[in-house]
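A short write-up of the structure that comes next.
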Amino acid sequence: MKSAISIISFVLILCLYCACTQTKPDEAKAIKLFKPEDFDTTVAPGDNFFMHVNGSWIKNTPIPGTEARWGTFNEVDELRYAILKKLLDEAAADKNATANSNRQKVGDFYTTGMDSVKLNEQALKGLTSYLDQINQIDSKAKLLSYLAASTTLGLNPVLGIYADQDAGNSSKMLLNLSQSGLGLPDRDYYFRNDTASLRIQNEYKKYIISNFLALGMDSAKTSVQANLVYELEKSLAEKSMDRVALRDPYNTYHKMTISELSKLTPDINWTEYFTLSGIPAQDTVNVGMPDYMKRLNEKIKTHPLGVWKLYLTQHLLDELNPYFDDASFERTFHFRQRVLFGVKQPKARWKRVLNTIGSGIGEALGAEYVKVAFSEKDKERMKNVITNMRAAFKQRILNLDWMSDSTKQKAIAKLEKISVKVGYPDTWRDYTALTIDKESFAGNVIRSWSFEFTRNMNKLNKPVDRSEWYMNAYTVNAYYNPSNNEIVFPAAILQPPFYHSSFDDAVVYGGIGAVICHELTHGFDDEGSKFDGDGNLKSWWSKEDAARFEEKTNVLKAQYDQYVVLDSLHINGKLTLGENIADLGGVMIALDAYKKTEEFTRNQAIDGYTTEQRFFLTWALIWRVKYTDAAMRNQILTNPHSPGEFRCNGILSNCADFYKRYQVKEGQAMYRPEAERAIIW
């Protein structure tokens, strides 16, 4: 996944819809979007609109034991799972599938993952050759050789290596080196000393011990060995860039010649490293985090090989445990899901296998999905809605009172250059060179990862392919890619309840419309605004306008900094700023566009709700979700998206139309004085 892409997960309404083309218009009309039994009318809209709309649902709906969070997105996802499972069951049973076809590959991949008897018989035998390579490391040269070789398998034990568009010249591909190698979710997990963080640190060490014991290592030594691995990771974490810093593209753009890279890291022979990794010869690279690279060089030069071998063993097991026997899966699940997210039990095996196939050969599965679950006829309405949203955004730019005319024209030029992808790729990825068989689930996983690494490296020294997709067609999501200056909407998000041709405009604009405007606004958030209309990291602002923009965004940052979510844990307004800006733009622009529709002008109530009410109710239903405490903590510490309740209420507390429609008064919890409301785009 490209690190530059802003990804959002829009969770919308009503598990009652079937995310497939069989949904009939009369059925869609007959379903009530807003159910009285889900509301909590004891909560005034102006105090907590999220709970007003969703409060009874939140109170009465348990989080399933297999999940870290549960909301309307999860309910809708169950329908997507059902479609995909049917596809996989049929593909696995198809004895006449053409050899080397997508159908054969997804069917055989699924077969190996579902064969629990064979998986348990094989246990960790598939790791023997890799463990032998680690055990044979007896020099720095062999250490580097192993690190390079593991890269070709799609593993990144200490270093992320990938080809991407040059941020400074989006028409060129550039090799990127980035930090990696941490077993905890974020660098800050190693340095927090609150009770919850100390518990996680201790549980992580127990996890390492459990992996070492599974290999038959001396139980009397594993505690010390786990600490050695942990301390090496902590040393790497000290020089890893934190998540807030990572959001600024200038912080991660350091273009260097190979000679300059070698001076930065003199103990790594990069020419040999790249050759062993199968990377085409390069003159320049982007070093995302120079301080991390210097620390890595230091550790390769001075750290004991014995500790490195322990570290690499742990990271190999951590990556591959889920694809072997049940005991190996359980070790990783316990830490990665129970401890970190509060999940009580694993998902059904078929769901886990399906997700693995998606991460390995997602476009092969996506090509099968769109054959049965996507309607081409709805593309036109989608395009019309996008056109209306773009026009509304343009008008808002023209009406800004804080931006100069010259910068407005540049902003409009960028807006008009934003390209749109809808449904699925024009050309599907070719998996002909990838072998998928019925012998080994882990083998299929590793080969698919290796295939993807090779495919990615083959982009180097070639023209940029702007037609490429970075999300699978069956994913209920959308994204903005600043390097291509594009917004992308996979097929699955154009299915009910995100969109249906029979939906009234209030729901369409409050639902898929808000998604569209969210993605458009990402081109003008605190990160996307640093890229020009051609996708280049380049300032197009006057100094005065840039300063006023920062002043405007600081208002939103301060608002979110004030939200206390769990115990004394606050939302990080800087980490979530880009998504909050996009949410704010999403509502404001979509509402402006909706006001230009004939439906809004008619102002005809449906099911007792006015047009504007249906718009705002849809927005609240989008974010219906509840979390385990562990998942909420992880969300706040690592995720650039604010939790659902605050995405709903935080944005509406700045919306004058919301105040007017629901008569929000001073003294109510969501009330902000007009002068203190955030208005950006």
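Being touching a residue at least 12 places away in the same chain (Cβ under 8 Å) and either assigned by TED's automatic domain parsing to the domain that holds His641 or touching a helix residue (DSSP H, G or I) at 6+ places or on another chain (Cβ under 7 Å) (or both) is the requirement here; does Ala590 meet it?
yes
Test Val508 against the stated conditions and say whether it is more than 18 Å from the chain's Cα centre (by Cα) and crowded, with 23+ Cβ neighbours inside 10 Å.
So Val508 fits the description; yes.
Does segment 533-576 hold any residues that are in contact with a helix residue (DSSP H, G or I) (Cβ under 8 Å, 6 or more places away or on another chain) and closer than 19 Å to Asp188 by Cα, and which are they?
Correct list: Val565, Leu566, Leu569, His570, Ile571, Asn572, Gly573, Lys574, Leu575, Thr576.
Let me confirm something: among Thr454, Thr427, Thr435, which residue is touching a helix residue (DSSP H, G or I) at 6+ places or on another chain (Cβ under 8 Å) and part of a loop (DSSP other than H, G, I, E, B)?
One residue alone meets the criteria, Thr435.
Need a quick list: helices (runs of 4 or more DSSP H) entirely within segment 467-570 having at least 2 residues that are over 25 Å from Ala373 (Cα atoms) and in contact (Cβ under 8 Å) with a residue 12 or more places away in the chain.
512-522, 543-561
Which count do you get for residues in segment 461-477 that are crowded, with 16+ Cβ neighbours inside 10 Å and over 22 Å from the mean Cα position of the chain (by Cα)?
Summing the residues that are crowded, with 16+ Cβ neighbours inside 10 Å and over 22 Å from the mean Cα position of the chain (by Cα) in segment 461-477 gives 1.
Could you tell me which of the residues Phe333, Phe341 is outside the structural domain of Thr152 (by TED's automatic domain parsing), free of Cβ contacts under 8 Å to residues at least 60 places away in the same chain and not charged (D, E, K, R)?
The match here is Phe333.
Being of a type in the set (A, V, I, L, M, F, W, C), over 26 Å from the mean Cα position of the chain (by Cα) and crowded, with 16+ Cβ neighbours inside 10 Å is the filter here, so list the residues in segment 369-399 that pass it.
Those that are of a type in the set (A, V, I, L, M, F, W, C), over 26 Å from the mean Cα position of the chain (by Cα) and crowded, with 16+ Cβ neighbours inside 10 Å: Ala392, Ile397.
Within segment 259-279, can one find any residue that is of a type in the set (Asp, Glu), in contact (Cβ under 8 Å) with a residue 40 or more places away in the chain, farther than 30 Å from Asp526 by Cα and surrounded by fewer than 16 Cβ atoms within 10 Å (Cβ to Cβ)?
Scanning segment 259-279, I find at least one residue that is of a type in the set (Asp, Glu), in contact (Cβ under 8 Å) with a residue 40 or more places away in the chain, farther than 30 Å from Asp526 by Cα and surrounded by fewer than 16 Cβ atoms within 10 Å (Cβ to Cβ), so the answer is yes.
Would you mention how many residues in segment 371-425 are among the β-branched types (Val, Ile, Thr) and at positive phi?
The number of residues fulfilling the criteria is 0.
Mind counting the residues in segment 344-359 that are crowded, with 19+ Cβ neighbours inside 10 Å and either in the same structural domain as Gln635 (by TED's automatic domain parsing) or hydroxyl-bearing (Ser, Thr, Tyr) (or both)?
The qualifying residues number 1.
Which residue, of Ser210, Ser150, Ser240, is in a loop (DSSP other than H, G, I, E, B) and not aliphatic (A, V, I, L, M)?
Matching residue, one of Ser210, Ser150, Ser240: Ser240.
Say whether the condition of being buried (at least 21 other Cβ atoms within 10 Å of the Cβ), at pLDDT 95 or above and either part of a helix (DSSP H, G or I) or outside the structural domain of Val43 (by TED's automatic domain parsing) (or both) is met by at least one residue in segment 77-85.
yes
Considering only residues that are polar (S, T, N, Q) and buried (at least 17 other Cβ atoms within 10 Å of the Cβ), look in segment 640-667 and name the one that is nearest to the chain's Cα centre (by Cα).
Taking the candidates together, the pick is Ser642.
Select from segment 30-52 the residues that are within 15 Å of Trp619 (Cβ to Cβ) and touching a Leu at 6+ places or on another chain (Cβ under 6 Å) and write down the one among them that is modelled with the highest pLDDT.
Per the stated criteria, the residue is Phe49.
Taking segment 53-69 as the region of interest, how many residues are farther than 10 Å from Lys626 by Cα and either at pLDDT below 95 or assigned to a loop (DSSP other than H, G, I, E, B) (or both)?
The number of residues fulfilling the criteria is 4.
Being closer than 30 Å to Glu544 by Cα, under 20 Å from the mean Cα position of the chain (by Cα) and at pLDDT 95 or above, is that true of even one residue in segment 406-426?
The answer is no, given that none of the residues of segment 406-426 is closer than 30 Å to Glu544 by Cα, under 20 Å from the mean Cα position of the chain (by Cα) and at pLDDT 95 or above.
Being of a type in the set (A, V, I, L, M), surrounded by fewer than 19 Cβ atoms within 10 Å (Cβ to Cβ) and assigned by TED's automatic domain parsing to the domain that holds Asp186: is that true of Ala220 here?
yes
Taking the condition at negative phi, polar (S, T, N, Q), part of a helix (DSSP H, G or I) and at pLDDT 95 or above, does Ser171 pass?
no
All but one of (1) more than 25 Å from the chain's Cα centre (by Cα); (2) surrounded by fewer than 19 Cβ atoms within 10 Å (Cβ to Cβ) hold for Ile208; state the number of the condition that does not hold.
(2)
For Phe616, indicate whether it is farther than 22 Å from Thr387 by Cβ and in contact (Cβ under 8 Å) with a residue 60 or more places away in the chain.
Spelling it out, Phe616 is indeed farther than 22 Å from Thr387 by Cβ and in contact (Cβ under 8 Å) with a residue 60 or more places away in the chain.
Which ones in segment 242-264 are hydrophobic (A, V, I, L, M, F, W, C) and more than 29 Å from the chain's Cα centre (by Cα)?
Across segment 242-264, the qualifying residues are Ile258, Leu261, Leu264.
The values are calculated or read from the model by the stated rules, or taken from the named source; none is laboratory data. Everything numeric in this text was worked out from a predicted model, so none of it was measured. With ideal geometry, Cβ positions are generated from the backbone for all residues, glycine too; neighbour counts draw on all protein chains shown.
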